[in-house]
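As structure tokens, the structure follows; a few thoughts come after it.
The values are calculated or read from the model by the stated rules, or taken from the named source; none is laboratory data. What you see is a predicted model; the values in this text were computed from it and never measured. Cβ placement follows ideal geometry from the backbone for every residue including glycine, while neighbour counts extend to all protein chains displayed. The protein model used for the area step is the full one, side chains on, heavy atoms only, and it has no ligands, DNA or RNA in it. Shrake-Rupley method; radii C 1.70, N 1.55, O 1.52, S 1.80 Å.
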Amino acid sequence: MGARSSDRTRAAILRAARAHFARHGYERTTIRAVAADAGIDASMVMRYFGSKENLFDAALTIDLRLPDLSAVARDDLPQVLVRHFLDRWEGDPADDALLLLLRSAVTHERAAERLREIFAEQVAPALGEAVDPRCAGLLSAQVLGLALTRYLLCAPGVAALTPDEVTELYAPALAALLP
């Protein structure tokens, strides 16, 4: 029973931390504010994570949950990638750690480093032999650009499109990167 309570407390802290880091950035997020939103004492945040930097690192731990792309036909790969990320972000973009990471990477070097690691360790291997390794980074740049304009900047011409429209209109940009 204690382990489950511990897991719930840790999850509540991470949810609150991600929300605060997303809204206020690293510098303006405080341990006290995170603790208050998690409904616990600030000392508990320190007990679980040790420091604000460790909490930030934990909040930036992301599994992109990429589907198995090895069985995807090359012509379908762009649509599968666009749809995968849209499905993640459309559920609750404010709760997506990848969007937190993207927002933070511009001003915080550790977040930028973590973003590079995630795409190098998850996207490039998932694409495998289907994509020239030089193009994997450009495909990532396209996906991150979509996230930036649709969810962080809320550019009207992009944010107003349905997920089906985004997939239809954006997948050809990814397809152009496939040799």
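A Cβ-based charge dipole, computed about the Cα centre of the chain with Lys and Arg at +1 and Asp and Glu at -1, lands at about 780 debye.
Do you know the relative contact order of the chain, to the nearest whole percent, from alpha carbon pairs under 8 angstrom that are 6+ apart?
Working: 155 pairs, mean separation 39.6, N = 179.
Value for the chain: 22 percent.
For segment 1-90, the calculated P(r), taken from all Cα-Cα distances in 10 Å bins from zero up to the bin holding the longest distance, is 15, 37, 21, 18, 8, 0 percent. Helix 109-118 and the longest principal axis of the C-alpha atoms of the chain enclose an angle of approximately 50°. Using a Gaussian network model of the chain in which every pair of alpha carbons under 10 angstrom is joined by a spring, one finds that among Ala111, Ala97, Ala11 the greatest mean-square fluctuation is at Ala11.
Compute the Cα gyration tensor for the chain, then decide on rounded, prolate or oblate, letting a ≥ b ≥ c be the square roots of its eigenvalues: rounded whenever a/c is under 1.5, prolate when a/b is larger than b/c in the other cases, and oblate in all that remain.
Working: a/c = 2.22, a/b = 1.90, b/c = 1.17.
Prolate is the answer for the chain, as a/c is 1.5 or above and a/b outweighs b/c.
Its Cα centre serving as origin, segment 1-91 has a Cβ charge dipole (Lys and Arg +1, Asp and Glu -1) of approximately 380 debye.
Find the accessible area per residue for the chain; the probe is 1.4 Å, ligands and nucleic acids are left out, and the unit is Å². Walk me through the numbers on the way to the answer.
On the way: 9530 Å² over 179 residues.
With all protein chains present, the chain gives 53 Å² per residue.
Across segment 58-137, the relative contact order, built from alpha-carbon pairs under 8 Å that are at least six residues apart, equals 37 percent. Across segment 1-97, the mean sequence separation of Cα contacts (distance under 8 Å, 6 or more residues apart), normalised by length, yields a relative contact order of 28 percent. By how many degrees, between 0 and 90 and to the nearest 10, does the Cα long axis of helix 163-175 differ from the longest principal axis of the chain? Tilt relative to the chain: about 60 degrees. For segment 110-179, the gyration tensor built on C-alpha atoms gives an oblate shape. Its axis ratio a/c (a ≥ b ≥ c) is at least 1.5, and a/b is not larger than b/c. In a GNM of the chain with a 10 Å cut-off on Cα contacts, which of Ala141, Ala73, Ala124 has the highest mean-square fluctuation? Checking each option, the largest mean-square fluctuation is seen for Ala73. The convex hull around the C-alpha trace of segment 53-159, projected and averaged over every direction, spans 7.0 square nanometres.
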